[in-house]
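This report concerns only the one structure given below.
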Amino acid sequence: MTIVPMIDLMKDGVKGGYAVGAFNVNNLEYLQAVLNAAQELKSPVIVSAARSEFEYMTGDTLVAMIKSYSSRYSVPVAINLDHGPNIEAVADAIKAGWTSVMYDGSMLSLEENIKNTREVVKLAHYFGVCVEGEIGTIGGTDEMELGKGVSSHRESYMADPAHCKRFVEETGVDCLAAAIGTAHGLYKLPPKLDFARLETIRKLTKLPIVLHGGTGVPVADIQKAVSLGVGKINFSTVVRQACIETMKKTLAADPDNLDLMHLMGKSRDAMQSAVMDCMKMTKSNGKA
């Protein structure tokens, strides 16, 4: 096992025609599922946690768990803060030993986003930590549902290629999460990815692109996005769904069984299977 900066995995992926999956974790079984899947498929992997997950686990504890559990394995692993809301959250992650951070200033004005992201980059790069920034709004599927069929609404949350170029040039971020039509959560309508926008952003910024909201995106669209320069794809809902559905079935089948390891083990195995499916979609299997 090697703990590496996320950008190294992404650059290798873009060069090799695959993307690296980033999976949010918040307990031991979730972490086991992700790392077991990576080792079984010989895939590089990004272990992520949003601020709420970081606080739930405590960041340094999670880093220690990742290093300890993955020490038996050979695949490269990056540790990433997902959607860091402010510079304090980023500083906490860096102090805890995380190798990559995302600062999400997408709800701010472009000028404020640039200003704050530049400060994050300055801090993170001083400690050898890479930074993901965001342009456009990668919200939830409910927000997309509200705006279905309204082109002006859709355009309002999509990443502007010119803004992306300026953002990258003025902040020095290592990779860019650009909103091109995906969202977090379960899609109520099939997502419509704007591949022309993605291609333009990639050409203007020359950076690996991050795709958030990977759950429910058709395999063909995932792989087309990869071919256009997406180097990292975030998956969370699909794995949590596998966990909870399996837990419900296990409890229903044997409600008096108080063996927590049995219950959690079944859920861990289901999560591992879901993670492996995602890795195959992004074509990262066999790349480590």
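The values are calculated or read from the model by the stated rules, or taken from the named source; none is laboratory data. The model shown is predicted, which means the values in this text are computed figures rather than measured ones. Note that each Cβ is placed from the backbone with ideal geometry, even for glycine, and that neighbours are counted across all protein chains shown.
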Checked Leu258, Leu263, Leu251 against criteria (hydrophobic (A, V, I, L, M, F, W, C) and part of a loop (DSSP other than H, G, I, E, B)); the one match is Leu258
Of the residues in the stretch 62-92 that are assigned to a loop (DSSP other than H, G, I, E, B) and touching a helix residue (DSSP H, G or I) at 6+ places or on another chain (Cβ under 9 Å), the one that is nearest to Ile7 (Cα to Cα) is Val75
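Anything in the stretch 266-288 that is part of a helix (DSSP H, G or I) and either modelled with pLDDT under 95 or basic (Lys, Arg) (or both)? List them, or say none.
Taking the stretch 266-288 and keeping what is part of a helix (DSSP H, G or I), we get 266-282.
Listed by number, the residues that qualify are Lys266, Arg268, Lys280.
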Filter the stretch 11-42 for residues that are more than 17 Å from Leu207 (Cα to Cα) and touching a Lys or Arg at 6+ places or on another chain (Cβ under 6 Å); the one that is surrounded by the most Cβ atoms within 10 Å (Cβ to Cβ) is Ala22
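Does the stretch 203-244 hold any residues that are in a strand (DSSP E or B), more than 25 Å from Leu28 (Cα to Cα) and touching a residue at least 40 places away in the same chain (Cβ under 8 Å), and which are they? I'd like the intermediate steps shown before the answer.
Of the residues in the stretch 203-244, the ones in a strand (DSSP E or B) are 209-211, 230-235.
Subsequent filtering for residues that are more than 25 Å from Leu28 (Cα to Cα) retains 209-211, 230-231.
Within the stretch 203-244, Val210, Leu211, Val230, Gly231 meet the criteria.
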Apart from one, (1) within 30 Å of Tyr126 (Cα to Cα); (2) in contact (Cβ under 8 Å) with a residue 40 or more places away in the chain; (3) charged (D, E, K, R); (4) buried (at least 17 other Cβ atoms within 10 Å of the Cβ) all hold for Arg268; the odd one out is (1)
Subset of the stretch 120-145, residues modelled with pLDDT under 95, surrounded by 15 or more Cβ atoms within 10 Å (Cβ to Cβ) and of a type outside the set (A, V, I, L, M), comes to Gly136, Thr137, Gly139, Thr141, Glu143
Scanning the stretch 93-108 residue by residue, the ones that are over 14 Å from Gly133 (Cβ atoms) and either modelled with pLDDT of 95 or more or assigned to a helix (DSSP H, G or I) (or both) total 4
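Tell me, please, whether a residue that is among the acidic types (Asp, Glu) and either modelled with pLDDT of 95 or more or under 19 Å from Ala22 (Cβ atoms) (or both) can be found in the stretch 207-225. Talk me through it step by step, then tell me what you get.
Within the stretch 207-225, the subset among the acidic types (Asp, Glu) is 221.
The next check asks that each one be either modelled with pLDDT of 95 or more or under 19 Å from Ala22 (Cβ atoms) (or both); those that pass are 221.
There is at least one residue in the stretch 207-225 that is among the acidic types (Asp, Glu) and either modelled with pLDDT of 95 or more or under 19 Å from Ala22 (Cβ atoms) (or both).
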Residues of the stretch 43-64 being surrounded by 15 or more Cβ atoms within 10 Å (Cβ to Cβ) and either modelled with pLDDT of 95 or more or among the small types (Gly, Ala, Ser) (or both), in sequence order, are Ser43, Pro44, Val45, Ile46, Val47, Ser48, Ala49, Ala50, Gly59
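Which members of the stretch 1-29 meet the condition of being touching a Cys at 6+ places or on another chain (Cβ under 7 Å) and either part of a helix (DSSP H, G or I) or farther than 11 Å from Asn80 by Cβ (or both)? Break it down stepwise before answering.
Of all residues in the stretch 1-29, those touching a Cys at 6+ places or on another chain (Cβ under 7 Å) come to 5-7, 10, 21.
Of everything in the stretch 1-29, those that are touching a Cys at 6+ places or on another chain (Cβ under 7 Å) and either part of a helix (DSSP H, G or I) or farther than 11 Å from Asn80 by Cβ (or both) turn out to be Met6, Ile7, Met10, Gly21.
Does any residue of the stretch 2-23 turn out to be of a type in the set (S, T, N, Q), in contact with a Ser or Thr (Cβ under 9 Å, 6 or more places away or on another chain) and closer than 13 Å to Cys278 by Cβ?
no
From the residues in the stretch 41-61 that are in contact with a helix residue (DSSP H, G or I) (Cβ under 7 Å, 6 or more places away or on another chain) and assigned to a helix (DSSP H, G or I), which one is nearest to Val90 (Cα to Cα)?
So the residue we want is Arg51.
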